[in-house]
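Encoded as structure tokens, the structure appears first; notes follow it.
We did not get these values from a lab; they are worked out from the coordinates using the rules stated. This one's a predicted model, so the numbers in the text were calculated from it and none came from an experiment. So basically every Cβ, Gly included, is an ideal-geometry build from the backbone, and we count neighbours across all protein chains shown.
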Amino acid sequence: MEGERKPTMNPHFYRKALEFALHAHEGQFRKGSVIPYITHPVSVSAILAQYGYEEDLVIAGLLHDVLEDTAVTPTELESRFGERIVLLVSGVTEKKKDAKGLPRAWEIRKEEGLRHLGVAQEQVVALKAADALHNVECLIRDLRIVGDDIWTRFKRGKEQQLDYYMRLSRLIRDRLGEAPLALELCEAVDKLEKLALPSASPTLSR
């Protein structure tokens with residue numbers, strides 16, 4: 001749990017997960033950029049480590065997108081990192097295609113994810129919070145650099161993206177309470193809202 005810092009973290013286990021993630025995400029980049037995708041899971045892992053979460057959750061941060069965005073299977077992930085890591089990663093993995101291999105709608109995937117977070121273990125909620133926090137921080141920086149054109153990178157536009165992050169941050173705050181990670185996410189989404197919609201009043205921290 002947050003704040004319960006472990007005396008040490010096994011550097012060999014961390015390096016193993018980092019090398020695995022590097023290989024799995026090789027050739028992938030952040031949306032609309034030339035930034036290597038691996039920078040995202042590394043940042044998510046760092047956020048969890050800085051808040052003192054357990055080693056398994058920090059490792060899951062490195063691996064949280066391998067089931068969703070690469071060819072890695074749950075069986076392969078479990079054989080290398082164990083059942084606990086698979087459960088954590090699966091808890092934040094969206095099912096992007098249906099049984100016929102066709103893309104599932106963005107709205108359906110996001111609603112499904114929000115429902116799952118409402119009943120998921122707190123560690124899964126914390127993992128999603130760190131994932132969302134890094135994504136929101138990147139959006140804030142990109143808005144300052146690029147402006148509103150950044151919204152064209154995504155499947156849905158500004159209003160839908162903002163609505164999703166607002167709902168997500170509220171849910172995470174409900175689940176994690178006064179945990180600093182949840183509070184930081186709410187503050188970041190408030191900042192994003194103010195930057196994207198300058199005439200709007202912040203709503204998330206009320």
Here FRET efficiency (C-beta to C-beta, H23 to K95, R₀ 35 Å, nearest 0.05) is 0.90
If R0 = 30 Å, then L183 and T39, at their Cβ-Cβ distance, give a FRET efficiency to the nearest 0.05 of 0.80
Rounded to the nearest 10, the angle in degrees between the Cα long axis of helix 122-146 and the longest principal axis of the Cα atoms of the chain comes to 50
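Only four residue types carry charge here, +1 at the Cβ of Lys and Arg and -1 at the Cβ of Asp and Glu. Report the dipole size of segment 11-196 about the Cα centre in Debye, rounded to the nearest 20. Intermediate values should be presented prior to the final figure.
On the way: 27 positive and 30 negative charges, 103 e Å.
It works out to roughly 500 debye.
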Rh (Kirkwood, all Cα-Cα pairs) for the chain, Å, reads 17.6
In whole angstrom, the spacing between the Cα centers of segment 51-118 and segment 129-192 equals 19
Scalar couplings 3J(HN,Hα) for segment 10-25 by Karplus 6.51 cos²θ - 1.76 cosθ + 1.60 (θ = phi - 60°), nearest whole Hz, x for Gly and Pro, are 5, x, 5, 5, 5, 5, 4, 5, 5, 5, 5, 5, 4, 5, 4, 9
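So between Q121 and A46, what do we pick up on full extension, going 0.36 nm a residue minus the alpha carbon distance?
On the way: separation 75, 0.36 × 75 = 27.00 nm, distance 2.04 nm.
So the extension gain works out to 25.0 nm.
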For the chain, longest principal axis from Cα atoms; helix 106-117 axis from its Cα atoms; angle between them, nearest 10 degrees, is 60
Asserting the computed 222 nm helical MRE of the chain (DSSP H runs at least 4 long, -39500 (n - 2.57) per run, divided by residue count, to nearest 500) equals -19500 deg cm²/dmol
Least to most buried among Y165, Y53, Y14, by other C-beta atoms within 10 Å and fewest first, runs Y14, Y165, Y53
Proxy exposure order for I140, I145 (fewest C-beta within 10 Å first) is I145, I140
Quick note on W106, W151, ordering by fewest other C-beta atoms within 10 Å, gives W106, W151
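So, R0 is 35 Å and r is the distance between the beta-carbons of E107 and F13; what FRET efficiency does that work out to, to 0.05? Could you put the intermediate results ahead of the total?
Details: r = 38 Å, r/R0 = 1.07.
The calculated FRET efficiency here is 0.40.
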So for segment 99-206, using the alpha carbon gyration tensor with a ≥ b ≥ c as root eigenvalues (a/c under 1.5 gives rounded; past that, a/b versus b/c decides prolate or oblate), I'd call it oblate
Expressed in nanometres to one decimal, the distance between label points 7 Å along Cα→Cβ at D174 and R141 is 3.2
Checking E193, E184, E76 against a Gaussian network model of the chain (alpha-carbon springs below 10 Å), the top fluctuating residue turns out to be E76
Cross-link reach from K100 to aspartates and glutamates, straight Cα distance under 17 Å and at least 8 residues apart if same chain, gives E68
Shape call for segment 72-159, from the Cα gyration tensor axes a ≥ b ≥ c (a/c under 1.5 means rounded, otherwise prolate when a/b beats b/c, else oblate), comes out prolate
